[in-house]
Amino acid sequence: MNEERKHILIADCDEEVLIELEHLLEDEGFDTTTAWSTDETLSLVRQKTFDLLLIADHPPELSCELVIRESSGTERQLPVYVMEGSIKHPFQEPYLLNMGATGVVQKHRREDVRRAVHGFFSVVVPSSSKTAVAPSAKVG
């Protein structure tokens, strides 16, 4: 069975990060698109369908909060992983998750990004089969 490749939007204003993550994820079998700014990211989110968005936390040209709000307000909510550049205040992750982010990952730890993306797609339930089936209990 030929499974459709997942399409990931990567948003960061750091060219090195964009290139490294683009190569890493494409080598892992994903299609990628990159964006440099809030406006470009929002434009892409409105025009195309993505399976996941990886967005930097607070670079100067990018507002992850605005993008999270905008993408969670759409008909098809886009899962968003916020990529932190460094260790932040302990309340940042709960704040971002409460705002609608799917998860938070350290962007300079490439293996963590790779693991988070694969982990996300391994637990996503296809929209056509949202009913969970409980394992049968042994009686007697």
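Derivation of every value follows stated rules applied to the coordinates shown; laboratory data play no part. These numbers were taken from a predicted model, which means no experiment stands behind them. Neighbour counts run over all protein chains shown; Cβ positions are idealised from the backbone, glycine included.
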- Task: Would you please give the FRET efficiency between E22 and F91, computed as 1/(1 + (r/R0)^6) with r the Cβ-Cβ distance and R0 = 22 Å, to the nearest 0.05?
- Result: 0.10
- Take the Cα coordinates of segment 7-123, assign each an equal point scatterer, and use the Debye formula without solvent to give log10 I(q)/I(0) at q = 0.11, 0.13, 0.14, 0.22 Å⁻¹. -0.30, -0.42, -0.49, -1.37
- Query: Between L66 and N98, how many nm apart are label points set 7 Å from Cα along the C-beta direction?
  - Reply: 2.3 nm
- With θ set to phi - 60° and the Karplus curve 6.51 cos²θ - 1.76 cosθ + 1.60, what are the ³J(HN,Hα) couplings of segment 108-115 in order, to the nearest whole Hz, using x for Gly and Pro? 8, 9, 4, 5, 5, 5, 4, 5
